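The values are calculated or read from the model by the stated rules, or taken from the named source; none is laboratory data. Please read all numbers here as calculations on a predicted model, not as lab measurements. Here the Cβ positions follow ideal geometry from the backbone for every residue, glycine too, while neighbour counts run over all protein chains shown.
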């Protein structure tokens, strides 16, 4: 039976890129912060990268353009169909391999194979088994390779607080479990939102030494709506805000307050762990 996550993204796939690209927050705040972090941990040019849960190839394609070989996986065939068309249009079929895989079971991929492993866009929060997902990501990473993951942050509890729904807020703070609010109720699926300490423990249990944790973003969403709009319409203001975001994103006092949390670990001594 097709999972609800797969069904949701199959339905969203045709318009997925268009919807995100017209969102100024995503294109002008979230993407630059994410790309800044990825670039810090890239292997030498020509390395092999796994983009697990990589959807329509948003990160795989620019990485391939930089000279990397990328294996792009996703549970949704609809998302991969879009990715394939984009890869073909870019002339990158020799650098991007597309595979339909569940991040919780990537058994077709060999042990200790990739120079960088990443999961952007929250597949670990949505997969139903974060432990299995991180275990698999660690397994396929080479010794000394970085593993990067983005997840939903439990800071999202603020939505319940604004609605004065304190019972739901307390439950969410307790276990981080919630349901993705798809318009079609039949496509709603459970997801897990993390705290920084919980996410770090997940990586450490699976043989990864944590080297960086950051919030994405930590300031922008706190600003009044009229200020956010002003920032997005003013290039100088946007530049200054991004400088501040990137400076404080990994500060321990701020990282957990992001809408999303991104974590970077390095694989050391996995076989002996």
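From the list 115, 111, pick out the single residue that is in contact with a strand residue (DSSP E or B) (Cβ under 7 Å, 6 or more places away or on another chain) and surrounded by fewer than 22 Cβ atoms within 10 Å (Cβ to Cβ).
From the options 115, 111, the qualifying one is 115.
So which residues in region 227-247 are touching a residue at least 24 places away in the same chain (Cβ under 8 Å) and surrounded by fewer than 17 Cβ atoms within 10 Å (Cβ to Cβ), if there are any at all?
The answer is 244, 246.
Could you tell me how many of the residues in region 215-251 are assigned to a loop (DSSP other than H, G, I, E, B) and in contact with a strand residue (DSSP E or B) (Cβ under 8 Å, 6 or more places away or on another chain)?
2
Search region 1-26 for residues being more than 16 Å from residue 121 (Cα to Cα) and assigned to a loop (DSSP other than H, G, I, E, B), and hand back the single one that is modelled with the lowest pLDDT.
Filtering first and then ranking leaves 1.
Could you figure out which of (1) over 28 Å from residue 245 (Cα atoms); (2) modelled with pLDDT under 95; (3) surrounded by fewer than 16 Cβ atoms within 10 Å (Cβ to Cβ) isn't true of residue 173?
The one condition residue 173 does not meet is (1).
Got a number for residues in region 61-77 being more than 20 Å from residue 100 (Cβ to Cβ) and part of a loop (DSSP other than H, G, I, E, B)?
3
Please find, among 190, 185, 224, 252, the residue that is loosely packed, with under 13 Cβ neighbours inside 10 Å and under 24 Å from residue 5 (Cβ atoms).
Answer to the selection: 185.
Looking at region 47-60, can you tell me whether even one residue there is surrounded by fewer than 20 Cβ atoms within 10 Å (Cβ to Cβ), touching a helix residue (DSSP H, G or I) at 6+ places or on another chain (Cβ under 8 Å), on the phi < 0 side of the Ramachandran plot and in a helix (DSSP H, G or I)?
No, because not a single residue in region 47-60 is surrounded by fewer than 20 Cβ atoms within 10 Å (Cβ to Cβ), touching a helix residue (DSSP H, G or I) at 6+ places or on another chain (Cβ under 8 Å), on the phi < 0 side of the Ramachandran plot and in a helix (DSSP H, G or I).
Which condition breaks for residue 265 when tested against (1) in a helix (DSSP H, G or I); (2) touching a helix residue (DSSP H, G or I) at 6+ places or on another chain (Cβ under 6 Å); (3) crowded, with 16+ Cβ neighbours inside 10 Å?
(1)
Among the numbered criteria (1) out of contact with any strand residue (DSSP E or B) (no Cβ under 8 Å at 6 or more places or on another chain); (2) surrounded by fewer than 21 Cβ atoms within 10 Å (Cβ to Cβ); (3) modelled with pLDDT of 95 or more, which one does residue 77 miss?
(1)
All but one of (1) within 20 Å of the chain's Cα centre (by Cα); (2) within 19 Å of residue 269 (Cβ to Cβ) hold for residue 142; state the number of the condition that does not hold.
(1)
Considering region 61-74 alone, what residues qualify as being surrounded by 20 or more Cβ atoms within 10 Å (Cβ to Cβ) and out of contact with any strand residue (DSSP E or B) (no Cβ under 6 Å at 6 or more places or on another chain)?
Across region 61-74, the qualifying residues are 61, 74.
Results for (1) over 15 Å from the mean Cα position of the chain (by Cα); (2) in contact (Cβ under 8 Å) with a residue 60 or more places away in the chain, shown as yes or no for each residue.
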site	(1), (2)
6	yes, yes
50	no, yes
65	yes, no
69	yes, no
80	yes, no
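What residue, of 258, 176, is in contact (Cβ under 8 Å) with a residue 12 or more places away in the chain, touching a strand residue (DSSP E or B) at 6+ places or on another chain (Cβ under 9 Å) and at positive phi?
176
Would you be able to tell me the number of residues in region 12-30 that are farther than 17 Å from residue 80 by Cβ, touching a residue at least 40 places away in the same chain (Cβ under 8 Å) and over 17 Å from the mean Cα position of the chain (by Cα)?
The qualifying residues number 1.
Output the residue which, of all residues in region 30-45 that are farther than 27 Å from residue 190 by Cβ and out of contact with any strand residue (DSSP E or B) (no Cβ under 7 Å at 6 or more places or on another chain), is surrounded by the most Cβ atoms within 10 Å (Cβ to Cβ).
32
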